[in-house]
Amino acid sequence: YDGEGCTTLSVDRRPGGYSSLRVQVNQAHRTEVLERFAIAVGKPRRIVGPYDCPNETYYFQAVSEDALDIIFEMWPHLSAPKREQALRVIDAWYVDLAKPRVARLKGVVADKRVQLRKQIDKWRLTHE
């Protein structure tokens, strides 16, 4: 995930649209690594492709709550830049969840954000 993966926010700019948290990992030419990753995070069948851009590329994708679950589970194993990226995106997504259409997710995300922040604080005490 640290090499070819990313955490992003997919924004729907249409009126009433909302954003989605997204975890994505890319792999050119073959799917074996992506399949192992998908099984490891408990999300098999999330591989799409191939797309020709510029190589034959496959993608593992998870969105919204599934993406948040993956980040939460992988947190102890992520590098500092990937942690920072994930926190920035989760925080932006949380702000967007104030929209009425997706407010039902806000409680779930809030709970996981609190758990993640506690996990971060605990990790910092033992590693800094």
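Going by the structure shown, is Ser19 small (Gly, Ala, Ser) and surrounded by 19 or more Cβ atoms within 10 Å (Cβ to Cβ)? Full working, then the answer.
Details: small (Gly, Ala, Ser): yes; surrounded by 19 or more Cβ atoms within 10 Å (Cβ to Cβ): yes.
Judged against the criteria, Ser19 is a match.
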Filtering region 52-73 down to residues that are in a strand (DSSP E or B) and surrounded by 12 or more Cβ atoms within 10 Å (Cβ to Cβ) yields Glu56, Thr57, Tyr58, Tyr59, Phe60, Gln61, Ala62, Val63
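Identify all residues within region 31-47 that are more than 23 Å from Tyr18 (Cα to Cα) and touching a strand residue (DSSP E or B) at 6+ places or on another chain (Cβ under 9 Å); write none if there are none. Walk me through how you get there before you give the answer.
Step one: list which residues in region 31-47 are more than 23 Å from Tyr18 (Cα to Cα), which gives 31-45, 47.
Matches in region 31-47: Thr31, Val33, Leu34, Glu35, Phe37, Ala38, Val41, Lys43, Ile47.
Go through region 48-73 and give me each residue that's hydrophobic (A, V, I, L, M, F, W, C), touching a strand residue (DSSP E or B) at 6+ places or on another chain (Cβ under 9 Å) and either closer than 11 Å to Leu21 by Cβ or at pLDDT below 90 (or both).
To start, the set of residues in region 48-73 that are hydrophobic (A, V, I, L, M, F, W, C) comprises 48, 53, 60, 62-63, 67-68, 70-72.
Pick out the ones that are also touching a strand residue (DSSP E or B) at 6+ places or on another chain (Cβ under 9 Å) and you get 48, 60, 62-63, 67-68, 70-71.
The answer is Val48, Ala62, Val63, Ala67, Leu68, Ile70, Ile71.
I'd like to check something: does region 78-89 contain any residue that is open to solvent by 50 Å² or more (accessible area, probe 1.4 Å) and either modelled with pLDDT under 85 or assigned to a strand (DSSP E or B) (or both)? Talk me through it step by step, then tell me what you get.
Within region 78-89, the subset open to solvent by 50 Å² or more (accessible area, probe 1.4 Å) is 80-81, 84, 88.
Subset that is either modelled with pLDDT under 85 or assigned to a strand (DSSP E or B) (or both): none.
Within region 78-89 (the criterion being open to solvent by 50 Å² or more (accessible area, probe 1.4 Å) and either modelled with pLDDT under 85 or assigned to a strand (DSSP E or B) (or both)), the answer is no, since none of the residues qualifies.
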Selection over region 22-51 where residues are farther than 14 Å from Ile70 by Cα, part of a loop (DSSP other than H, G, I, E, B) and open to solvent by 50 Å² or more (accessible area, probe 1.4 Å) yields a count of 3
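The values are calculated or read from the model by the stated rules, or taken from the named source; none is laboratory data. As the structure is a computational prediction, the values presented were derived from the model and not from experiment. Methodologically, a virtual Cβ is constructed for each residue, glycine included, from the backbone with ideal geometry; neighbour enumeration extends over all protein chains shown. We work out accessible area using only protein heavy atoms, side chains counted, and drop any ligands, DNA or RNA first. Shrake-Rupley method; radii C 1.70, N 1.55, O 1.52, S 1.80 Å.
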